[in-house]
Amino acid sequence: MENLNIEKKIQNENKLNNTKIINEIGEPILMHNRSHIDFEQYELGNRNVSKEGANNFGFFFSDKVNLDHYGPFMRSRFLNIENPWDIRDLGPRTNYTDFRKKLLDLGIPNKDLAAYDLQVQDMIINRNKRLGSIDGLHSPGNNVALKEIRMATFNFFDAGSCFYLRKLLLLKNVDGIIFSDDSEMTVVAFNDAQIIKA
């Protein structure tokens, strides 16, 4: 049994040879995922639930353990992400102009972003209505243009139920995202095979 455990550990370490989720000395970082339900198997759009509903974009992990507001159940895993889209320089909050520029810098052309623009616009209009804007075109109390409204960076992942942005990133061989949120590093893994037990 001990030999099997050692062999499994070696296999898992080999899976992490090329991961970019590493510390300053090049070692893989143990990341943490929280949810409101307990589970063992990650399934996109099903059990990786950190709030009401299911996320269809990916599996969210943080380098912090004390994020209880995302749920009482915590799993710690290594992540094999070899080609992440690193947008930490946007900070925890950004506007769509800056977020969109990052997509252009990745090589996604304007024609492919046109549909995403509409999804983001609809998302922001609905958000503004929830916050008190009558027409949804402006944030309550100001006349900031839709594309300049600042909000949590991860909110842009939710536009159009996540599917289109995920597809655009996958077409550019992106296999995950690194961004800033409640922690120094928040990471989205795009598929369950990237999630390695410690």
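The values are calculated or read from the model by the stated rules, or taken from the named source; none is laboratory data. Computed from a predicted structure; not experimentally measured. Note that each Cβ is placed from the backbone with ideal geometry, even for glycine, and that neighbours are counted across all protein chains shown. All accessible areas refer to the heavy atoms of the entire protein, side chains included, with ligands and DNA or RNA removed. Shrake-Rupley method; radii C 1.70, N 1.55, O 1.52, S 1.80 Å.
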key: Among residues of the range 121-169, those that are within 21 Å of residue 89 (Cα to Cα) and not in a helix (DSSP H, G or I), counted   = 4
task = Kindly check whether there is at least one residue in the range 93-108 that is part of a helix (DSSP H, G or I), of a type in the set (A, V, I, L, M, F, W, C) and open to solvent by 50 Å² or more (accessible area, probe 1.4 Å).
result = yes
inquiry  = Scan the range 53-76 and tell me whether some residue there is open to solvent by 70 Å² or more (accessible area, probe 1.4 Å), modelled with pLDDT of 90 or more and within 25 Å of residue 163 (Cα to Cα).
reply    = no
request  = Output the number of residues of the range 169-178 satisfying the condition of being open to solvent by 10 Å² or more (accessible area, probe 1.4 Å) and in contact with a Leu (Cβ under 9 Å, 6 or more places away or on another chain).
outcome  = 2
ask   = Taking interchain pairs and intrachain pairs at least six residues apart, which have beta carbon atoms under 6 angstrom, with the first residue in the range 165-183 and more than 15 Å from residue 105 (Cα to Cα) and the second part of a loop (DSSP other than H, G, I, E, B) and of a type in the set (Gly, Ala, Ser)?
value = 180/91
message = Considering only the range 141-164, I want to know if a residue exists there that is open to solvent by 70 Å² or more (accessible area, probe 1.4 Å), closer than 26 Å to residue 33 by Cα and hydrophobic (A, V, I, L, M, F, W, C).
response = yes
